[in-house]
Amino acid sequence: MLEKLVDSEKFVGLGQLAGNVTRQLNNPLTVILGYASLLDETENLNPQSHKAIEAILTEARHMRLTLESLARISRPQGDQVAAISVTELLNDLEQLHRSEFVQRSIDFRVHIAPALPRVLGNAQQVRQAVLYCLQFAMDAVDKLDAAQEKTVRLEAAEEKGQVQILVAHTGPRFAAPARAFDPFVPEPAAEESTSLGLSMCASILRENHGKATAMNFEPLGAGVLLELQAA
């Protein structure tokens, strides 16, 4: 009980720190993104300046994702477990975020099996887990050359009493799939992608009695499989 109390106090302190950091950084980050976007729309912009502005926008978006992760840590999570419609959840995500895939010239393919059963979990948390995977996939294919295929797949199907959500991409493979969700891995090699979001995703799945698995595909690409118990 003492160990649990100490851990609880640590997480309370971490949440307060995360909330303070998020509030302090969010406003200047919004300014950076806003002015960089305006500069990017400037007419007669030379290629070197355009490349520099794109770099600013890319890194600022990465920082925003990190701040969103910190904000999630700082917010107390409710224990509202309900029967979630995966079909509705994924369709909503597709409608809300397809424009971002188009803007980044990524082929976004969605296939949801008909008549999927509902799953037991926290809807907000499960939605965030899928978003983490989608953001990771987009960042992975962004590293490819213009001549390479940039595709992200979002699929859902039922398998042995579980609903499986696959987020796959044609970008770099995992050097060590078993450690893809480890937030303490060393700095990744140039050809590999890692993300704080994947670690958060695995944590969310555990909280919702599910499991996240990273995998590589042949001859290229990688993906994350989210498994949730059918209601």
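FYI, it's all coordinate maths here, none of it is from the lab. These numbers come from a predicted model, not from an experiment. Positions of Cβ are backbone-derived with ideal geometry, glycine not excepted, and every protein chain shown enters the neighbour counts.
Annotation: Cα Rg of region 82-229 relative to the compact-globule expectation 2.2 N^0.38 Å equals 1.00.
For residue 206 and residue 40, the FRET efficiency from 1/(1 + (r/R0)^6), where r spans their Cβ atoms and R0 equals 35 Å, is about 0.35. Distant-in-sequence amide contacts of residue 150, defined by a placed amide H-H separation under 5 Å and a gap of 5 or more residues or a different chain, comprise 107.
Projecting label points 7 angstrom from Cα along Cα→Cβ for residue 149 and residue 216 puts them 1.8 nm apart. A simple spin-label model places pseudo-atoms 7 Å from Cα toward Cβ; at residue 95 and residue 31 they are separated by 3.7 nm. Placing +1 on the Cβ of every Lys and Arg and -1 on the Cβ of every Asp and Glu, with no other charges, gives region 81-231 a dipole of roughly 280 debye about its Cα centre. Over all other residues within a Cβ to Cβ distance under 15 Å of residue 46, the charged ones net out to -3, with Lys and Arg as +1 and Asp and Glu as -1. Run the paramagnetic zone check for residue 105: 7 angstrom along Cα to Cβ, then residues of region 140-180 with backbone nitrogen under 14 Å. Correct set: 141-151. The HN-Hα couplings worked out from phi for region 152-167 by the Karplus form 6.51 cos²θ - 1.76 cosθ + 1.60 (θ = phi - 60°) are 10, 10, 10, 10, 9, 7, 9, 8, 6, x, 10, 9, 10, 10, 10, 10 Hz, whole numbers, x standing for Gly and Pro. Taking amide H as placed 1.01 Å from N in the peptide plane, residue 110 has its amide H under 5 Å from the amide H of 154, each at least 5 places away in sequence or on another chain.
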